[in-house]
Structures are given as C-alpha cells and as structure tokens.
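A.B. asks: Dumping the structure here so I can ask a few things about it.
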Amino acid sequence: MKTLKKIWMNGKFVAWKDARIHVLTHALHYGTAIFEGMRCYNTSDGPAVFRMRDHYKRLANGCKSYQFSLRYSVDKMCEATRKLIRMNKVKECYIRPIVYGGYGSMGLSIMNVPFDLAIVAIPWGRYFGEKAEKGISCEVSSWKRINPTVLSPHVKASANYLNSILAKREAMDEGFDEAIMLTDEGHVSEGTGENIFIVRNGELVTPPLYDDILAGVTRETVMALAKELDIPVKEEPILRDELYTADEVFLCGTAAEITPVTSVDKRKISDGPGEITKQLRQGYFDVVTGKDERFMKWLDFV
C-alpha cells in the first residue's frame, strides 16, 4: 500500500506510522464502524473532492441510524479533509473517513463506547485496474445481500461488508472479477461494493432502493447525467436472467467509478463497453474533473 505523510485523527494530524489504535478498540471486536469513500480529482483549477458534502451527510445519517455518537459536523469534516489533502500535497487521492467504536468499553452495549473519527487520504488508482476500461466478468453469488431486517443496507457499516467479502472471495475463487448479489426475493441488488445498471432497448435500468442497495452517490450522479444526455432511466426490480439478455451492464461506485461488465455467469454481454456505457463513462469523468460546467456545484476545491 502506498502511504502519505499525515492522517487526521480526532481533530489532530498525526504521522502515518503513528495512526494506531488499541487492540481492545470496540470496532475490532463488534464491527461498530461506519465509513465513507470519496475521491479527489485534479482539475484545471486544482484538486477538487467530488460530492464531499453528500458523502459526509450520508456518514452522519448512518451514525444517526445506528446511534453512534459523531462529534463533528459535516462542515468540520469537510474542512479537515481539505486540510489533509493540502498537507499531503496530492492532486488526486482516495479519501476514507471512518467513525469507529473506540477504546474504553467491552460488551455489546454502546452506551459508554467513545466513538472516534479518522480521515485517511491514500493514492489509489483504478479499482479494477486495466479491466476498468475493457470490462470485467461477474458471477451471481450464492450469498444473498443483507436485508433491512438484519442490518441497514443503506448504511456503509463495516459489519455489512463481511457479506460482500464472502461474495467477492467466492467469485474470485471461481475465476470471476466480481460478484453480483441477489435479494431474498431473487431480485438483482448490487455488486460487492458497487451499484449496478443495465441497458435495455436504449433505457437505463437500476434496482430500486428497496432492493437492499446502498443509496450510492455515484448511482445518483449517473442518473442525473443520463437525464442531461436524454437517456431514459427506470428504477425497477431486475431479475437474474435480465442480466444475461441486457444490451449493456455496468457497475458504478466511488472506487469503481464506471466499470463495464462484459459477461455474467459466463454469458457474454459484449466485447467491451457499450455505447451508452461509454457515453456515461466519458460524461462522468468530465464531471469529476471539472470539464462539465453544469455540475461544478459537486466539486469541492481544496
């Protein structure tokens, strides 16, 4: 892993090597952590974090939902992030804020657990490497997506990602790049860390929020961009076999950005990104790098 000089922890900038926690930190034992992921892109006007406030609002809402005491406002977290990027002197990076149950209390009650906040900036390129442009292979996982009666799929809680890790490992062990998870009802939900879209007869279709998906910031961005490009968008349940017969399939997320899917369960979708996927992908990179003036409001300059 590539490292930078400083990490922000509970209001202080500390050296990378000194960003440590105690072995009895509550989150290590019970999964009491909620995190976010965002990217800073280099633009002609300097580095800018894409939709930073929206990410921090989701983090704050997750803490409220799980009753984790977050001691910092969205404004404070945004300012800390800008300072962190400036201090590390980077133009592009991935940013990982995490609220976690700290040291001082054991057991399942969180009434007396202190919650800490750390913000890390790291150099991180394409999530799927070279395949991010050419397209990846996916498998529909035997592991079902967690549902709202178990944990909230709408919160980026660390505990939720054990579900994703099981699906990801299964897919990779079987020679696929990524897994797609279904709901208990058999509807397509999402990838292990990405939302999913299909293209069908010129229309963009994505699972609705009630199909156990994360309310993705990138997903919302893609839908807004599609509207500007006059591409019809539907939020409706997608069945497994609809993946096989789709004209195009792609995944999206902060880490994955927009990644085309060329096969599902060894059924070929395409030889590479389809026309609508390419159009949206180019549009997305124009937005995040400040080349599309219609969406400048989403850029938070460092």
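A.B. asks: Run the simple label-point estimate for E185 and R267 please: 7 Å along Cα→C-beta, distance reported in nm.
C.D. replies: A separation of 2.0 nm, rounded to one decimal place.
A.B. asks: Output the Kirkwood hydrodynamic radius of region 6-122, Cα pairs only, in Å rounded to one decimal.
C.D. replies: After inverting the mean inverse Cα-Cα distance, the result is 14.8 Å.
A.B. asks: Related question: For N61 and D241, compute 0.36 nm times the residue count separating them, minus their Cα-Cα distance, and round to one decimal in nm.
C.D. replies: Length gained, N61 through D241: 61.3 nm.
A.B. asks: Under 10 Å, Cα contacts only: if you run a Gaussian network model on the chain, which one of G193, G104, G272 comes out with the highest mean-square fluctuation?
C.D. replies: Looking only at G193, G104, G272, the biggest GNM fluctuation is shown by G104.
A.B. asks: Where the eigenvalues come from the Cα gyration tensor of region 19-82, what are the semi-axes √(5λ) of the equivalent ellipsoid, largest first, in whole Å?
C.D. replies: 27, 15, 10
A.B. asks: Could you check what % of the DSSP bridge pairs in the chain are antiparallel, to the nearest 5?
C.D. replies: Around 85 percent antiparallel, to the nearest 5.
A.B. asks: Non-local amide H neighbours of V233 (under 5 Å, H modeled in plane, Pro and chain starts lacking H): which ones?
C.D. replies: L204
A.B. asks: Note down the Stokes-Einstein diffusion coefficient of the chain in µm²/s, whole number, using a Kirkwood radius over alpha carbon pairs, 37 °C, and 0.692 mPa s.
C.D. replies: Once the numbers are plugged in, D ends up at 164 µm²/s.
A.B. asks: Between D173 and E130, what is the label-point separation in nm under the 7 Å Cα-to-beta-carbon projection?
C.D. replies: Each label point is offset 7 Å from its Cα along the Cβ direction, giving 2.8 nm.
A.B. asks: A follow-up question, please. With an 8 Å Cα cut-off and a minimum separation of 6 or more residues, compute the relative contact order for region 1-82 in percent. Display every interim value, and only then the final one.
C.D. replies: Working: 55 pairs, mean separation 15.3, N = 82.
It rounds to 19 percent for region 1-82.
A.B. asks: Roughly what % of Cα-Cα distances in region 131-288 sit above 28 Å, to the whole percent?
C.D. replies: Value for region 131-288: 12 percent of Cα pairs lie more than 28 Å apart.
A.B. asks: Which distance in nm do the two modelled labels at M87 and N147 give, with both placed 7 Å along the Cα-to-Cβ direction?
C.D. replies: Between M87 and N147, the simple spin-label model gives 4.5 nm.
A.B. asks: What list of ³J(HN,Hα) couplings, whole Hz, do you get for region 189-206 from phi and the Karplus terms 6.51, -1.76, 1.60, once you set θ to phi - 60° and write x for glycine and proline?
C.D. replies: With coefficients 6.51, -1.76 and 1.60, one gets 9, 6, x, 6, x, 8, 7, 10, 10, 10, 10, 9, 6, x, 9, 9, 10, 9 Hz.
A.B. asks: Further, regarding this structure: What are the ³J(HN,Hα) values, in whole Hz, obtained from phi via the Karplus relation 6.51 cos²θ - 1.76 cosθ + 1.60 with θ = phi - 60°, for each residue of region 175-186 in sequence order, with x given for Gly and Pro?
C.D. replies: x, 9, 7, 8, 10, 10, 9, 9, 7, 4, 7, x
A.B. asks: Mean separation of Cα pairs under 8 Å and 6+ residues apart, divided by the residue count of the chain: what relative contact order is that in percent?
C.D. replies: 20
A.B. asks: Given a Förster distance of 35 angstrom, what is the FRET efficiency for K297 paired with Y210, based on the Cβ-Cβ distance and rounded to 0.05? All intermediate terms of the calculation are to be shown ahead of the outcome.
C.D. replies: Details: r = 29 Å, r/R0 = 0.81.
Here the calculated transfer efficiency is 0.75.
A.B. asks: When we measure straight from the Cα of K268, which aspartates and glutamates land under 17 angstrom away, once same-chain ones fewer than 8 places off are left out?
C.D. replies: Hits, sequence-local ones excluded: E133, E139, E174, D177, E178, D241, E242, D247, E248.
Bear in mind these aren't lab numbers, they're just calculated from the coordinates by the rules spelled out. These numbers come from a predicted model, not from an experiment. Glycine gets a Cβ as well: all are built from the backbone with ideal geometry, and neighbour counts include every protein chain shown.
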